[in-house]
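S.K.: I have a structure I would like to understand better, so I am pasting it below and will then ask my questions one at a time.
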Amino acid sequence: MTTHDKTIIALPKGRVLDAGVEMLGAVGIVPEEAFFDKESRQLRFSTNRSDVDLIRVRSFDVATFVAFGAAHLGIAGSDVLLEFEYAELYAPLDLGIGRCRLVVAEPEAVKAADDPKRWSHVRVATKYPNLTRRHFANRGVQAECIKLNGAMELAPALGLCRRIVDLVETGSTLRANGLVEVETIADVSSRLVVNRVALKTKPAEIGALVEGFNEVVRGTAA
């Protein structure tokens, strides 16, 4: 089988990677040894299956690789799917991993005298400008979004803005930086995403993988 004929699965770097690899293993796909080398700069990996390769990319990029057909399937957070809303993506399964929430947060001192119901305009720092604007627009609030890719919690302390929109798992990072949650925008978990064209052109291969993940999810929930 040539490299071009292989099915490619995109996995996100970061906190969901280990759980994603564990789920792949339950489906019967095991990465090559180099995948587990923390020092390796390799990005594409073979597996125990000659017809399946893996790529490891930033969590925000998984959806893009799959949507544009560079990968056939992937594991992507529902936050990313809500931010980009790619029509080319089919997300048939909630994998039940990577659970967290997307929240609005602000300094404790601000919250003490704040009433979110009275907001008409907010300035926020976030990785999710599209999702954030839609959330506030639905409430009739105009959102000015400052795009940051990290260190979100510094923004209020350094006077960039009063509020942030970011992912929260335990809330410890917020508390360490004197921030508190104001409201939850969305509960987040990782989804199996599939390229719609690939599902039509490789129905047997892609369908079998989707069903494999489905069985694992059903078994986990049982």
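The values are calculated or read from the model by the stated rules, or taken from the named source; none is laboratory data. Given the structure is predicted, the values throughout are model-derived calculations rather than measurements. Cβ sites come from the backbone with ideal geometry, for glycine too, and all protein chains shown count toward neighbours.
S.K.: Under 8 Å by Cβ, and 6 or more places apart or on different chains, what pairs join a residue from the range 25-40 that is in contact (Cβ under 8 Å) with a residue 40 or more places away in the chain with one that is among the aromatic types (Phe, Trp, Tyr)?
M.R.: Cβ pairs passing all conditions: 27/213.
S.K.: Right, another one. Has the range 12-31 got any residue that is among the basic types (Lys, Arg) and farther than 25 Å from residue 81 by Cα?
M.R.: no
S.K.: Considering only strands (runs of 3 or more DSSP E) fully contained in the range 5-103, which possess at least 1 residues that are more than 17 Å from residue 213 (Cβ to Cβ) and of a type outside the set (Gly, Ala, Ser)?
M.R.: 44-46, 52-57
S.K.: Filter the range 22-46 down to the residues that are out of contact with any helix residue (DSSP H, G or I) (no Cβ under 8 Å at 6 or more places or on another chain) and under 26 Å from residue 200 (Cα atoms) and list them by number.
M.R.: 24, 25, 29, 44, 46
S.K.: From the set of residues in the range 125-179 that are among the small types (Gly, Ala, Ser) and in a helix (DSSP H, G or I), which is farthest from residue 77 (Cα to Cα)?
M.R.: Per the stated criteria, the residue is 157.
S.K.: A further question on this structure: List pairs: first in the range 143-167 and in the same structural domain as residue 111 (by TED's automatic domain parsing) and over 24 Å from residue 82 (Cα atoms), second outside any strand (DSSP E or B) and of a type in the set (D, E, K, R), Cβ under 6 Å, 6+ apart or cross-chain?
M.R.: Close Cβ pairs (under 6 Å, with a partner that is outside any strand (DSSP E or B) and of a type in the set (D, E, K, R)) amount to 156/162.
S.K.: When you go through (1) free of Cβ contacts under 8 Å to residues at least 12 places away in the same chain; (2) in contact with a His (Cβ under 6 Å, 6 or more places away or on another chain) one by one for residue 171, which number turns out not to apply?
M.R.: (2)
S.K.: In this structure, is residue 109 part of a loop (DSSP other than H, G, I, E, B), in the same structural domain as residue 173 (by TED's automatic domain parsing) and surrounded by fewer than 13 Cβ atoms within 10 Å (Cβ to Cβ)?
M.R.: Spelling it out, it is not the case that residue 109 is part of a loop (DSSP other than H, G, I, E, B), in the same structural domain as residue 173 (by TED's automatic domain parsing) and surrounded by fewer than 13 Cβ atoms within 10 Å (Cβ to Cβ).
S.K.: Within the range 189-222, how many residues are touching a Cys at 6+ places or on another chain (Cβ under 9 Å) and in a helix (DSSP H, G or I)?
M.R.: Residues in the range 189-222 being touching a Cys at 6+ places or on another chain (Cβ under 9 Å) and in a helix (DSSP H, G or I): 0 in total.
The rows are residues; the columns are (1) of a type outside the set (Asp, Glu); (2) without any contact (Cβ under 8 Å) to a residue 12 or more places away in the chain; (3) in the same structural domain as residue 152 (by TED's automatic domain parsing).
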{"position": "179", "(1), (2), (3)": "yes, no, yes"}
{"position": "195", "(1), (2), (3)": "yes, no, no"}
{"position": "203", "(1), (2), (3)": "yes, yes, no"}
{"position": "210", "(1), (2), (3)": "yes, no, no"}
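S.K.: For the range 64-86, does any single residue satisfy the condition of being in contact with a strand residue (DSSP E or B) (Cβ under 9 Å, 6 or more places away or on another chain), surrounded by fewer than 16 Cβ atoms within 10 Å (Cβ to Cβ), among the polar types (S, T, N, Q) and at pLDDT 95 or above?
M.R.: Taking every residue of the range 64-86 in turn, none turns out to be in contact with a strand residue (DSSP E or B) (Cβ under 9 Å, 6 or more places away or on another chain), surrounded by fewer than 16 Cβ atoms within 10 Å (Cβ to Cβ), among the polar types (S, T, N, Q) and at pLDDT 95 or above.
S.K.: Could I ask something else about it? Given the structure, is residue 194 β-branched (Val, Ile, Thr), more than 17 Å from residue 106 (Cα to Cα), touching a helix residue (DSSP H, G or I) at 6+ places or on another chain (Cβ under 9 Å) and surrounded by 13 or more Cβ atoms within 10 Å (Cβ to Cβ)?
M.R.: Taking the combined requirement at face value, the residue satisfies it.
S.K.: Given the structure, is residue 191 among the basic types (Lys, Arg) and without any contact (Cβ under 8 Å) to a residue 60 or more places away in the chain?
M.R.: no
S.K.: Could we say that residue 78 is closer than 30 Å to residue 172 by Cα and among the polar types (S, T, N, Q) here?
M.R.: yes
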